[in-house]
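Student: Take this structure first; my questions come after.
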Amino acid sequence: MSTYIVVFAGVLLLAVIGTPLARKLGLRLNMLDQPDPTRKVHTVPTPRLGGAAIFLSTLIVTLLLGEHYNISQLAGILIGATLMSFMGFWDDRFSLPAGIKLIGQFIALGLLVITGVSISVLPHPLLNLLATALWVVGITNAINLLDNMDGLSGGIAAIAAAHFALMCAFTGQYLVGTLSMAVMAACIGFLIYNWNPATIFMGDSGALFLGFMLASIGIKIRFPDNTPIVTWMIPILVLAVPIFDTTLVTISRLKRRLNPLTTPGVDHTSHRLTYAGLTRREAVLVLYTVAFIMGLVAIFVTRATIGEGYLMGALTGIIGLYGLWRMERPPFWPPSANRH
């Protein structure tokens, strides 16, 4: 537990100090996210280099603890996450085609697989490989898509990492837990400056990094006191909010014959909550609450029987399907959307 405290304090301090420095650098490099009422909700140009502080604060402390980890797996995770962050930085600075970003994500995925960080609960290696690819690429992009309102993506990532760290403490996986704690602390340090009204955004350099890290942690975490028949759903429950949001905009945009990943817009879950009358802060807090509750459900499932686990999974799925249906109707429908 002392390691948890040291990691949390160290990463938090670096993030708190590093984020305003990243803001100054973003202004100097003119890496500004410009307002656009058709696709964004902020009204003033804002630096989007906060991901550099998240990335560096996590990386520095994790490397200091590197000798305590499985070095090949740690290398696979950190090199892949570094690739994600640098690719995101390049996209923030110069813009990258979606195809290039997807290729980079699969290269990072390959680093995980060859170092042994992959899903192994399915009965055939090919199925495990496909599931790993879907999970890593899906969560990486889901966290990126969720970065659409002040404090949202960083806060949800912090809540997810906190639940992962708590589960690791319960099961004695302190090394994976410290990695989770580092991610949580970096997000909290960044959120001090990203809470509405934000003075800095994380940009793709932060969102892609966090998504990749959380996906990797979700694969690495183990629950030896329960059966994989039940525990496979735990990371999905912890990351239910970004999964729901990505599913919502994907279905909604496909219905409107739009590309779900490359078409920006104000049609995310957070935006729809504001159309229903909430302020932006309230919308973010509602999603924080949902993420926290889903984390508690995931903790329950760690100790659940097969019947209890699948009952909770089924109830969550039903609520999620209802949410997808309800969010496509007034008062949640985005008025600016091109509805067909």
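The values are calculated or read from the model by the stated rules, or taken from the named source; none is laboratory data. Just so you know, these numbers come straight off a predicted model, no measurement behind them. Ideal geometry is used to build each Cβ from the backbone, glycine not excepted, and the neighbour counts take in all protein chains shown.
Student: Could you check segment 260-291 and list, in sequence order, the residues that are without any contact (Cβ under 8 Å) to a residue 40 or more places away in the chain and more than 14 Å from PRO331 (Cβ to Cβ)?
Tutor: PRO260, THR263, THR279, GLU282, LEU285, VAL286, THR289
Student: Same structure again: One residue is enough: does segment 257-265 have a residue meeting the conditions of a type outside the set (A, V, I, L, M), farther than 28 Å from THR305 by Cα and assigned to a helix (DSSP H, G or I)? Give the derivation first.
Tutor: Step one: list which residues in segment 257-265 are of a type outside the set (A, V, I, L, M), which gives 257, 259-260, 262-265.
Filter once more, so that each one left must be farther than 28 Å from THR305 by Cα: 257, 259-260, 262-265.
When the remaining residues are screened for being assigned to a helix (DSSP H, G or I), the result is none.
Checking segment 257-265: not a single residue is of a type outside the set (A, V, I, L, M), farther than 28 Å from THR305 by Cα and assigned to a helix (DSSP H, G or I).
Student: Restricting to segment 205-236, name every residue that is part of a helix (DSSP H, G or I), surrounded by fewer than 24 Cβ atoms within 10 Å (Cβ to Cβ) and out of contact with any Pro (no Cβ under 9 Å at 6 or more places or on another chain).
Tutor: Hits for segment 205-236 are LYS220, PRO228, ILE229, VAL230, THR231, ILE236.
Student: For GLY172, state whether it is surrounded by 21 or more Cβ atoms within 10 Å (Cβ to Cβ), out of contact with any His (no Cβ under 9 Å at 6 or more places or on another chain), farther than 14 Å from ILE54 by Cβ and at pLDDT below 95. Before the answer, list the steps.
Tutor: Numbers: surrounded by 21 or more Cβ atoms within 10 Å (Cβ to Cβ): no; out of contact with any His (no Cβ under 9 Å at 6 or more places or on another chain): yes; farther than 14 Å from ILE54 by Cβ: yes; at pLDDT below 95: yes.
In short, no.
Student: Identify all residues within segment 86-112 that are in a helix (DSSP H, G or I) and over 20 Å from the mean Cα position of the chain (by Cα); write none if there are none.
Tutor: Filtering segment 86-112 for residues in a helix (DSSP H, G or I) gives 86-94, 98-112.
Answer for segment 86-112, where residues must be in a helix (DSSP H, G or I) and over 20 Å from the mean Cα position of the chain (by Cα): ARG93, PHE94, GLY99, ILE100.
Student: With respect to VAL301, determine if the residue is in contact with an Asp or Glu (Cβ under 7 Å, 6 or more places away or on another chain), assigned to a helix (DSSP H, G or I) and not polar (S, T, N, Q). Please lay out each step first, then the result.
Tutor: On the way: in contact with an Asp or Glu (Cβ under 7 Å, 6 or more places away or on another chain): no; assigned to a helix (DSSP H, G or I): yes; not polar (S, T, N, Q): yes.
No, not satisfied.
Student: Looking only at segment 1-18, filter to residues that are over 17 Å from ALA161 (Cβ atoms) and not aliphatic (A, V, I, L, M); which one of those is surrounded by the fewest Cβ atoms within 10 Å (Cβ to Cβ)?
Tutor: SER2
Student: OK, next. Can you name the residue in segment 64-100 that is of a type in the set (Ser, Thr, Tyr) and modelled with pLDDT under 95 and, of all such residues, is farthest from THR178 (Cα to Cα)?
Tutor: Initial filter on segment 64-100 (of a type in the set (Ser, Thr, Tyr)): 69, 72, 82, 85, 95.
Okay, now just the ones that are also modelled with pLDDT under 95, so 69, 72, 95.
Values: TYR69: 10, SER72: 17, SER95: 33 Å.
Per the stated criteria, the residue is SER95.
Student: Given the criteria crowded, with 18+ Cβ neighbours inside 10 Å, more than 17 Å from the chain's Cα centre (by Cα) and not aromatic (Phe, Trp, Tyr), does SER153 qualify?
Tutor: Values: crowded, with 18+ Cβ neighbours inside 10 Å: yes; more than 17 Å from the chain's Cα centre (by Cα): no; not aromatic (Phe, Trp, Tyr): yes.
No.
Student: Okay, next question. Out of (1) surrounded by fewer than 20 Cβ atoms within 10 Å (Cβ to Cβ); (2) without any contact (Cβ under 8 Å) to a residue 40 or more places away in the chain, the odd one out for ALA98 is which?
Tutor: Failing condition for ALA98: (2).
Student: If the requirement is being without any contact (Cβ under 8 Å) to a residue 60 or more places away in the chain, surrounded by fewer than 20 Cβ atoms within 10 Å (Cβ to Cβ) and within 17 Å of the chain's Cα centre (by Cα), which of these qualifies: ALA75, ALA133?
Tutor: Only one candidate qualifies: ALA133.
Student: Taking only segment 1-23 into account, find how many residues are of a type outside the set (A, V, I, L, M), touching a helix residue (DSSP H, G or I) at 6+ places or on another chain (Cβ under 6 Å) and within 11 Å of PHE190 (Cβ to Cβ).
Tutor: Of the residues in segment 1-23, the ones of a type outside the set (A, V, I, L, M) are 2-4, 8, 10, 18-20, 23.
Filter again for touching a helix residue (DSSP H, G or I) at 6+ places or on another chain (Cβ under 6 Å), leaving 3-4, 8, 10, 18-19.
The next check asks that each one be within 11 Å of PHE190 (Cβ to Cβ); those that pass are 18-19.
Residues meeting the conditions: 2.
For (1) within 17 Å of LEU321 (Cα to Cα); (2) of a type outside the set (Asp, Glu); (3) at pLDDT 95 or above, each residue gets a yes or a no:
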{"residue": "THR246", "(1), (2), (3)": "yes, yes, yes"}
{"residue": "LEU254", "(1), (2), (3)": "yes, yes, no"}
{"residue": "LEU258", "(1), (2), (3)": "no, yes, no"}
{"residue": "GLY265", "(1), (2), (3)": "no, yes, no"}
{"residue": "ARG281", "(1), (2), (3)": "no, yes, yes"}
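Student: Now a separate question. Exactly one of these conditions fails for LEU126: (1) in contact (Cβ under 8 Å) with a residue 60 or more places away in the chain; (2) farther than 23 Å from LEU59 by Cβ; (3) of a type outside the set (Lys, Arg); (4) in a helix (DSSP H, G or I). Give me its number.
Tutor: Against the list (1) in contact (Cβ under 8 Å) with a residue 60 or more places away in the chain; (2) farther than 23 Å from LEU59 by Cβ; (3) of a type outside the set (Lys, Arg); (4) in a helix (DSSP H, G or I), LEU126 comes up short only on (1).
For (1) surrounded by fewer than 16 Cβ atoms within 10 Å (Cβ to Cβ); (2) of a type in the set (S, T, N, Q); (3) closer than 25 Å to LYS101 by Cα, each residue gets a yes or a no:
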| site | (1), (2), (3) |
| --- | --- |
| SER252 | no, yes, yes |
| THR274 | no, yes, no |
| ILE306 | yes, no, no |
| MET312 | no, no, no |
| GLY317 | yes, no, no |
| TYR322 | yes, no, no |
| GLU328 | no, no, no |
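Student: Quickly run through segment 304-324 and pick out the residues that are among the β-branched types (Val, Ile, Thr) and in a helix (DSSP H, G or I).
Tutor: Initial filter on segment 304-324 (among the β-branched types (Val, Ile, Thr)): 305-306, 316, 318-319.
The answer is ILE306, THR316, ILE318, ILE319.
Student: Can you tell me how many residues within segment 272-287 are under 14 Å from ASP245 (Cβ atoms) and of a type in the set (A, V, I, L, M)?
Tutor: Number of matching residues: 5.
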